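The values are calculated or read from the model by the stated rules, or taken from the named source; none is laboratory data. Because the structure is a prediction, the values reported are computed rather than measured. Reconstructed Cβ throughout: ideal geometry from the backbone, glycine too, with neighbour counts over all protein chains shown. We work out accessible area using only protein heavy atoms, side chains counted, and drop any ligands, DNA or RNA first. Shrake-Rupley method; radii C 1.70, N 1.55, O 1.52, S 1.80 Å.
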Amino acid sequence: MPQRTAPLVAFLALLALSLSGCATAPQAKPAAPAAPAKPAAPAVPVLSEAAAKALAQAEADVKMAKAKHALWTTADKAFKEAKEAATTGDSAKVLKAAAFASSQVKLGLEQLNYPSTQY
């Protein structure tokens, strides 16, 4: 029986070596694709002049309210919405959100003149 297992062991060893050689063989790299043509520059969203002015005014208002510690969260949220709409070029949304932000800032600043509720 020992003579019978020797060829079997040799065969299995040879099979293992040949299979391990295939597993580590370098893979052929696919051909590099041709350099793609440069895409055209993405269109930059353009705001209307009124929207740009409203956004600039809202930015100045929010900055002033922050400096006086009178910025309401609703004003801050509306200003962020206006800036986001500006990145997409949605002038109508910018106008609406910027106007709301400025009005909320105005109310926050007026609230500073209210009498204190602390004793």
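Key figures for this structure:
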item	result
For region 62-119, accessible area per residue (1.4 Å probe, heavy atoms of protein chains only), Å²	72 Å²
Spherically averaged projected area in nm², based on the convex hull that wraps the Cα atoms of region 73-119	3.2 nm²
Extension reserve of the Thr117-Thr74 stretch, reckoned as 0.36 nm per residue once the Cα distance is removed	13.3 nm
Set Lys63/Lys106; Lys66/Lys96; Lys53/Lys96 screened for pairs whose C-alpha atoms are more than 19 Å apart	Lys66/Lys96
Sites Lys106 and Ala52, calculated FRET efficiency, Cβ-Cβ separation with R0 30 Å, nearest 0.05	0.90
